[in-house]
Amino acid sequence: MDTYQPSGRASPLFFATAALAVVVAAAVAGLYQLAMRGVIGFDLRAAFVVPLLYGAVLGGITWAATRYGHCRAARPALIAAVAVALVGWAVSYYWDYRLHDVGDVSFWEFLSLKRVSGWKSKSSHWDGGWVVFFWTLEALLVVPLAIALGRAGWSAPYCESCRRWARKLTLDVRGVSRDDARPALDAGDLRALIELRGDSVTTLALEAELCPKCATGWLTAAEKRNTTTGKQTHTLHHALIKRARMSPEAIEAFHDRRNADIGQKLKPIN
Ligand SMILES: [Zn+2]
């Protein structure tokens, strides 16, 4: 089956959105530093959560740059994600320096003074090696998360002819199992797959990613099965196809079935 492959292209606009992302990251670093000052020494958990949140925000900034810059290429997305993560991380130290009123002490002197003085909590004093340890830990919380989330946007389905990102719609086809789906999958007939009916205990979870302008789309399908162990219910997913190209007929069938499903839910109960 023909599946979605990113084209590896990026709009020239991506240079601008990526550069803007770096500038925004440098500004957000100031807010992060203010938040960290508020929590350090008061709540140890927050001292972990705030860097993770910051990493997620930096990742979100690159993700937005990828979307608005129409980047469908892995390497430029990765470079932007690394630049935003490293700038966001490094500039937060500079903000720390600026937010302290330290007169004519230079930035590097400030860092070594900070290492020596450390942080005080109620019962203990963390300085020297501990400061380096916490700085390293902080970097490990912020940077990898920012890169992982930031580089994720490029591989999403994109309609090359309309220059639009696809929109995701979901549909649960109840009563259909992967065995029911097998003949339609083997025949590569996505329309037949979408129109399946059955009385199995499983559900066929469909996800269509569709161009908002034309009849182009990709279908992902998985079987969902609920299992109960003790008092807990888990949902097992069994992937069947990922981003298989849909024909215009399959897209129409998807819309029809989804609308019927929504209509069913809206019907008043007698
Ligand atoms: Zn299109």
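What's the number of the only condition in (1) over 30 Å from residue 265 (Cα atoms); (2) modelled with pLDDT of 95 or more that residue 167 fails to meet? Going through the list (1) over 30 Å from residue 265 (Cα atoms); (2) modelled with pLDDT of 95 or more, residue 167 breaks only (1). Got at least one residue in the range 29-51 being under 21 Å from the mean Cα position of the chain (by Cα), under 15 Å from residue 143 (Cα atoms), of a type outside the set (Gly, Ala, Ser) and modelled with pLDDT of 95 or more? No, the range 29-51 contains no residue that is under 21 Å from the mean Cα position of the chain (by Cα), under 15 Å from residue 143 (Cα atoms), of a type outside the set (Gly, Ala, Ser) and modelled with pLDDT of 95 or more. Among the residues of the range 191-202, the ones that are surrounded by fewer than 19 Cβ atoms within 10 Å (Cβ to Cβ), at pLDDT 95 or above and not basic (Lys, Arg) come to 3 in all.
Out of 250, 205, 244, one residue alone is within 16 Å of the ligand (Cβ to nearest atom), surrounded by 15 or more Cβ atoms within 10 Å (Cβ to Cβ) and of a type outside the set (Asp, Glu). It is 250. Within the range 46-82, take every residue that is aromatic (Phe, Trp, Tyr) and in contact with a Gly (Cβ under 9 Å, 6 or more places away or on another chain) and give me the one that is nearest to residue 160 (Cα to Cα). If we take residues in the range 46-82 being aromatic (Phe, Trp, Tyr) and in contact with a Gly (Cβ under 9 Å, 6 or more places away or on another chain), then 63 is nearest to residue 160 (Cα to Cα).
When 141, 171 are screened for being more than 16 Å from the ligand (Cβ to nearest atom) and part of a strand (DSSP E or B), only 171 passes.
Put simply, of 146, 81, 156, 152 the only residue that is within 16 Å of the ligand (Cβ to nearest atom), of a type in the set (A, V, I, L, M) and closer than 28 Å to residue 15 by Cβ is 156. Check the range 56-73 and report whether any residue there is without any contact (Cβ under 8 Å) to a residue 12 or more places away in the chain and either more than 18 Å from residue 15 (Cα to Cα) or aromatic (Phe, Trp, Tyr) (or both). Within the range 56-73 (the criterion being without any contact (Cβ under 8 Å) to a residue 12 or more places away in the chain and either more than 18 Å from residue 15 (Cα to Cα) or aromatic (Phe, Trp, Tyr) (or both)), the answer is no, since none of the residues qualifies. Of the strands (runs of 3 or more DSSP E) lying entirely inside the range 185-246, those containing at least 1 residues that are β-branched (Val, Ile, Thr) and more than 18 Å from residue 258 (Cβ to Cβ) span 217-229, 232-246. Just one of the listed residues (105, 131) is β-branched (Val, Ile, Thr) and over 21 Å from residue 52 (Cβ atoms), and it is 105. Determine, yes or no, whether residue 210 is modelled with pLDDT of 95 or more, crowded, with 20+ Cβ neighbours inside 10 Å and more than 13 Å from residue 170 (Cβ to Cβ). No, not satisfied. Here residue 197 meets the list (1) away from the ligand (no atom under 16 Å from the Cβ); (2) under 28 Å from the mean Cα position of the chain (by Cα); (3) among the charged types (D, E, K, R) almost entirely, failing just condition (2).
Against the test of being over 30 Å from residue 10 (Cβ atoms), small (Gly, Ala, Ser) and in contact with a strand residue (DSSP E or B) (Cβ under 7 Å, 6 or more places away or on another chain), the options 221, 205, 253, 239 yield a single qualifying residue, 205.
Entry remark, the range 135-168: residues being of a type in the set (Phe, Trp, Tyr), touching a strand residue (DSSP E or B) at 6+ places or on another chain (Cβ under 7 Å) and surrounded by fewer than 20 Cβ atoms within 10 Å (Cβ to Cβ) number 1 in total.
Within the range 160-186, residues that are under 15 Å from residue 253 (Cβ atoms) reach partners that are within 16 Å of the ligand (Cβ to nearest atom) with beta carbons closer than 7 Å, at six or more positions or on different chains, in the pairs 169/208; 169/210; 171/254. Looking across the range 93-126, just one residue is within 36 Å of the chain's Cα centre (by Cα) and of a type in the set (Asp, Glu), and that is 96.
The values are calculated or read from the model by the stated rules, or taken from the named source; none is laboratory data. Note that this is a predicted model, so its numbers are computed, not measured. Heads up, the Cβs are rebuilt from the backbone with ideal geometry, glycines too, and the neighbour counts pull from every protein chain shown.
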